[in-house]
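Report on one structure; see the data block that follows.
The values are calculated or read from the model by the stated rules, or taken from the named source; none is laboratory data. Treat the numbers as computed from the prediction; the structure is a model and nothing was measured. Here the Cβ positions follow ideal geometry from the backbone for every residue, glycine too, while neighbour counts run over all protein chains shown. Surface accessibility is based on the protein's heavy atoms, side chains included, excluding ligands, DNA and RNA. Shrake-Rupley method; radii C 1.70, N 1.55, O 1.52, S 1.80 Å.
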Amino acid sequence: MSAHGPERKMTAHAGGPLNGIAHVPGDKSISHRALILGAMAVGETRITGLLEGADVLDTAKAMAAFGADVTQHGEGDWSVHGVGVGGFAEPEDVIDCGNSGTGVRLIMGAMSTTPITATFTGDASLRSRPMGRITDPLALFGCRAVGRAGGRLPMTLVGAVDPLSVDYTTPMASAQVKSAVLLAGLNAPGQTVVTERAATRDHTERMLRGFGAEVVTEKVEDGWRITLTGQPELVPQTIAVPRDPSSAAFPVCAALIVPGSDVLVPNIGLNPSRAGLYTTLKEMGADLTFENEREEGGEPVADLRARFSPDLLGIEVPAERAPSMIDEYPILSVVAAFAEGITHMPGVHELRVKESDRIDAMAVGLRACGVEVEESDDSFTVHGRGPGGVRGGAMAAARLDHRIAMSFLICGMAAKRPVTVDDASPIATSFPIFEDLMTGLGAQMTQDD
Ligand code: S3P
């Protein structure tokens, strides 16, 4: 039994081509932020297209525990009656964020400048992940934190009584750290400044502006400086969540490597701070087109069309692109295995502290499938075996990581022999309809006892 329900061993087999339209769920990053910012505005925020994956549902529960009124009206259709900036009530019980680093880190930021105490925990994966990267900057506001060794959950935060404003430079490229500081800054007087050396996803800044906060982003010599004016009155919003480019990556990449495929993935958010995978796939020679490009709710959106691409070539993925595709390296490494030549992916140390150590998880699983992979502390290299050239015939460990589980199932759809994932249950954290969606396109997947 994992935190996501009973363990489910699943096997993907090569079958016919993948064809059809794939409606992937709402964006996970935007869904978390919609609930949290809705809870910090006074009045009703209405959200459509919310991702109803376990990660986001845990954030919804947490917002209710902090005093917001969170209601589901229909599929993806939610409202949040917020309590205002500084209005969070003290939760009566431990906040369980399940598998979600984004959930726990953003919520910690949001509560850290309100004089309440909250204790956070999560599943075995989340309890192994570092929280010092969040509690260090939150301490500058006056928030105290006590957790397990190495800054791990469970952890109790005592929010600042008289929060100070903060000027902080993030030591690693992390939208979660940047966002936690900005959310903390909402209830601090004066201006909170965050500088990041590499631009990471900017949903928090865009959405804060949408909720009426003053947020200014400037290019500075050593990166980007974001300045938030504290103690705004956030105005409730109507939010249509775009569909998740990180989830779209799975049917898109599957179509590129399964012979004869042609798949349309409509309404995908293509914020440039998220779209690095698609640039990379084009550079590899993918037959991928962006149709009906438009803007919705302040985010660029397009329909993605992916067709089988027999001429994929390995490439050098620029290290500076990593923040814009950080969640996509597992599935990219699968595509790289079906390309000709070598794909080198440098500058990806952050992958070691995701839901699992994703460099190690992919290297071990791909090697078991007959693919040569080299790794260093902050890079990995996949030696492509060409179209149809991956042997498969292996069992990969998902390590409580949804993206590892989905990546190996996609691998099994194009490999010579089936690929089994020891536990597919974590897929429900971000992509609860993955199995139905992929089998609807023609994929062959079986659940093993
Ligand atoms: C996220 C930021 C990224 C990403 C995660 C979602 C966010 O994490 O990996 O899936 O919504 O802010 P880091 O901030 O650790 O890079």
Of 354/416; 28/282; 282/416, which pairs sit farther than 27 Å apart, going by alpha carbon to alpha carbon? 354/416
Taking N as its residue count, the alpha carbon Rg of segment 234-326 over 2.2 N^0.38 Å: 1.16
Considering only 130, 94, 68, whose Cα is most displaced toward the positive end of the charge dipole of the chain, charges sitting on Cβ of Lys, Arg (+1) and Asp, Glu (-1)? 130
1.4 Å probe accessible area per residue over segment 50-105, in Å²: 37 Å²
For residue 43, enumerate residues with amide H under 5 Å from its amide H, sequence gap 5+ or separate chain, H modeled in the peptide plane. 82
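Hey, any idea what % of segment 28-230's accessible area is carbon plus sulfur with a 1.4 Å probe?
Roughly 49 percent, rounded to a whole number.
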Expressed as a fraction of 2.2 N^0.38 Å, the rule-of-thumb size for a compact globular protein of N residues, what is the C-alpha radius of gyration of segment 28-230? 0.93
Using θ = phi - 60° and the Karplus curve 6.51 cos²θ - 1.76 cosθ + 1.60, what whole-Hz ³J(HN,Hα) does each residue of segment 332-341 get, with Gly and Pro shown as x? 4, 5, 5, 4, 4, 5, 9, 9, 8, x
Hey, if you put +1 on the Cβ of every Lys and Arg and -1 on every Asp and Glu Cβ in the chain, which of 195, 331, 24 ends up farthest toward the positive end of that dipole? 331
Under 8 Å for C-alpha pairs, at least 6 residues apart: give me the relative contact order for the chain, rounded to a whole percent. 20 percent
C-alpha center-to-center spacing [segment 46-101, segment 278-310] in angstrom: 32 Å
Could you list, bin by bin from short to long, the percent of Cα-Cα pairs of segment 317-368 in 5 Å steps? 4, 19, 33, 27, 13, 2
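So for each of 183-190, 273-280 I average, over its residues, the number of other beta carbons within 10 Å; can you give me the resulting order with the highest mean first?
183-190, 273-280
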In debye to the nearest 20, how big a dipole does segment 349-449 give about its Cα centre with +1 on each Lys and Arg Cβ and -1 on each Asp and Glu Cβ? 420 debye
Per residue of segment 98-105, in order, report the coupling 6.51 cos²θ - 1.76 cosθ + 1.60 (Karplus, θ = phi - 60°) as ³J(HN,Hα) in whole Hz, putting x for Gly and Pro. x, 9, 9, x, 5, x, 5, 6
Leaving out ligands and nucleic acids, note down the accessible area per residue over segment 156-209 with a 1.4 angstrom probe, in whole Å². 33 Å²
How big is the charge dipole of the chain about its Cα centre, in debye rounded to the nearest 20, if each Lys and Arg gets +1 on its Cβ and each Asp and Glu gets -1 on its Cβ? 500 debye
Dipole magnitude (debye, nearest 20) for segment 28-230, charges at Cβ of Lys, Arg, Asp, Glu: 520 debye
What is the set of long-range amide H partners of residue 342 at a cut-off below 5 Å, with H atoms built 1.01 Å from backbone N? 314, 384
How fast does the chain diffuse by Stokes-Einstein, in µm²/s, taking the Kirkwood radius from C-alpha pairs at 37 °C and 0.692 mPa s? 150 µm²/s
